[in-house]
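Quick notes on the structure that follows.
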């Protein structure tokens, strides 16, 4: 039995300057953000991120893991289970 693998569109990376905050939650001193990126092609253009610390300056928001103190420490599937996991992880993040 052959299983088809969905190909992800390369070059459709989320633009850190073109996004809308859908929902934000502060949990255990950390920030959970659901953002919609019009240029993204996966998960309905939504990205669910856990950010270290209380974050609020969203003039730019890159959902990728970057060096140099970038606050995004985890991403989750943007659904109810993803929110539960994000809250659990936020509680463990020091």
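Derivation of every value follows stated rules applied to the coordinates shown; laboratory data play no part. All of these numbers come straight from a predicted model, not from anything done at the bench. Heads up, the Cβs are rebuilt from the backbone with ideal geometry, glycines too, and the neighbour counts pull from every protein chain shown.
General remarks:
- In terms of other Cβ atoms within 10 Å, 59, 31, 42 run from fewest to most in the order 59, 42, 31.
- Gain in span if fully extended, residue 59 to residue 93, counting 0.36 nm per residue against the direct Cα distance: 9.8 nm
- Sequence-separation-based contact order of the chain, relative, with Cα cut under 8 Å and 6+ spacing, percent: 26
- log₁₀ of I(q)/I(0) at q = 0.17, 0.20 Å⁻¹ - the stretch 7-78, Debye sum with one point per alpha carbon: -0.58, -0.81
- Virtual spin-label span in nm between residue 23 and residue 68, 7 Å along Cα→Cβ: 3.2
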